[in-house]
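What follows is a single structure, written as structure tokens, with notes after it.
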Amino acid sequence: MANTFTQIYIHFVFSVKGRQNLIQKSWKDELHKYICGIVDGKDQKVYAIGGMADHIHLLVSIKPTIAISDLVRYIKANSSKWINEKKFVIDKFQWQEGFGAFSYAQSQLDNVIAYINNQEQHHKEKTFKDEYIELLQKFNIGYDEKYLFDWVE
């Protein structure tokens, strides 16, 4: 789109179906690289990717040529297909329905990148559920807890 100038940074969060701890350290880096390739293939840019065995955080600069929901759907569909083809899990791997998307200004990127890169330390003190609810509250996003995710307690 000629004469279109944007600066849109989105922090995505999504989890493994049932919040199962299926993303293993032995292949997590390979998954992260694969997801970065998916995003790059859609002409978007990844600034940070991280997470735990049950969820992913992704900071992306997104152009107005793609809808946020389309990008996430594409990431989730292609990465889950790749995980299943690689047979990294015994059963069928699936991502949970839905996702969180939180926008940030360029001046906030260093903090968001550090937050994403520090997930293992962060989750020694806070559960994913608490983290996710805190993000929703921080951004004043209304929610009904019964529809957040299929929480496995």
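List, in order, the whole-Hz ³J(HN,Hα) value for each residue of the range 84-95 obtained from phi through the Karplus relation with A = 6.51, B = -1.76, C = 1.60 and θ = phi - 60°; use x for Gly and Pro.
5, 5, 6, 6, 6, 10, 5, 8, 6, 7, 9, 8
5 Å is the cut-off here: which amide hydrogens, built 1.01 Å from N in the peptide plane, fall below it relative to Gly51, excluding neighbours closer than 5 in sequence?
Answer set, sorted by chain and number: His57, Gln119.
Can you run phi through the Karplus equation (6.51, -1.76, 1.60; θ = phi - 60°) for the range 48-62 and list ³J(HN,Hα) in whole Hz, with x for Gly and Pro?
Computed from phi, the couplings for the range 48-62 are 7, 9, x, x, 10, 5, 10, 7, 10, 10, 8, 9, 10, 8, 10 Hz.
What residues qualify as long-range amide H neighbours of Trp95, i.e. H under 5 Å apart, gap of 5 or more or another chain, H built at 1.01 Å from N?
For Trp95, the qualifying residues are Lys17.
Net charge within 15 Å of Glu120 by Cβ-Cβ distance, Lys/Arg positive one each and Asp/Glu negative one each, not counting Glu120 itself?
In short, 0.
Separation between the Lys63 and Asp29 pseudo-spin-labels, each 7 Å from Cα along Cα→Cβ, expressed in nm?
3.1 nm
Separation between the Phe5 and Tyr147 pseudo-spin-labels, each 7 Å from Cα along Cα→Cβ, expressed in nm?
3.9 nm
Sum up the charges of everything whose Cβ sits under 13 Å from the Cβ of Tyr143, counting Lys and Arg as +1 and Asp and Glu as -1, but leave Tyr143 out.
0
Which links in Lys25/Lys138; Lys28/Lys146; Lys33/Lys76; Lys25/Lys81 stretch past 25 Å when you go from one Cα to the other?
Lys25/Lys138; Lys28/Lys146
Do you know the relative contact order of the chain, to the nearest whole percent, from alpha carbon pairs under 8 angstrom that are 6+ apart?
34 percent
Which of [x] 17.7, 60; [y] 15.3, 50; [z] 14.5, 46 is the computed Rg and Dmax of the Cα atoms in Å for the structure on display?
Comparing each candidate, only [y] matches the computed number.
Under 15 Å from the Cβ of Tyr9, count the other residues' Cβ atoms, weight Lys and Arg +1, Asp and Glu -1, and hand me the total.
Local net charge: +1.
Any chance you could run the full-extension gain for Thr127 through Gln20? It's 0.36 nm times the residue separation minus the Cα-Cα distance, nm to one decimal.
Separation in residues times 0.36 nm, less the Cα-Cα distance, equals 37.2 nm.
Calculate one ³J(HN,Hα) per residue across the range 33-44 by plugging θ = phi - 60° into the Karplus curve 6.51 cos²θ - 1.76 cosθ + 1.60, and present them in order as whole Hz with x for glycine and proline.
Values per residue, Gly and Pro as x: 5, 5, 5, 4, x, 4, 5, 4, x, 9, 6, 10 Hz.
Only the coordinates and a few stated rules stand behind these numbers; no lab work does. As the structure is a computational prediction, the values presented were derived from the model and not from experiment. FYI the Cβ positions are ideal-geometry reconstructions off the backbone, even for glycines, and counts take in every protein chain you see.
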